[in-house]
1. Specify the residue that is farthest from TYR78 (Cα to Cα); the eligible residues are those in segment 7-28 that are touching a Ser or Thr at 6+ places or on another chain (Cβ under 7 Å) and loosely packed, with under 15 Cβ neighbours inside 10 Å.
2. When segment 29-60 is examined, which residues are found to be in a loop (DSSP other than H, G, I, E, B), at pLDDT 85 or above and surrounded by 14 or more Cβ atoms within 10 Å (Cβ to Cβ)?
Amino acid sequence: MHNVDFELEINDIFAIEFQSNSSTGYSWVWVNMQSDSIVEKMETVFVNDHPVILGCSNTEVWKFKGLAVGLVKLKFEYKRAWLECSAIDTKEVYVRVL
């Protein structure tokens, strides 16, 4: 059994935050997305952590909505989206929808 990172009800919205640096061409990609998922991605917003300094890190805020009851593992890779084998970091997030 895995630790659950988020527990919510159907139609609840939650957000996952990732540190990134878009000036390098790297960003977080949801790599195990399924069309019949328990959650749905609503949007991704990029927040500049230091707006006056070019090339600084930013925060990617991924917002999701609970669609169906169940437990799901969301797997993300930090990579250059156009290069298949470029992942330099991975994250797994477990979500339970009640």
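The values are calculated or read from the model by the stated rules, or taken from the named source; none is laboratory data. Just so we're clear, the structure is a prediction, and the values are computed from it rather than from any experiment. Glycine gets a Cβ as well: all are built from the backbone with ideal geometry, and neighbour counts include every protein chain shown.
1. GLU17
2. First, pick out the residues of segment 29-60 that are in a loop (DSSP other than H, G, I, E, B): 31-38, 49-57.
Retained after the next criterion (residues that are at pLDDT 85 or above): 31-32, 38.
Once the filter is applied, which keeps residues that are in a loop (DSSP other than H, G, I, E, B), at pLDDT 85 or above and surrounded by 14 or more Cβ atoms within 10 Å (Cβ to Cβ), segment 29-60 yields only ILE38.
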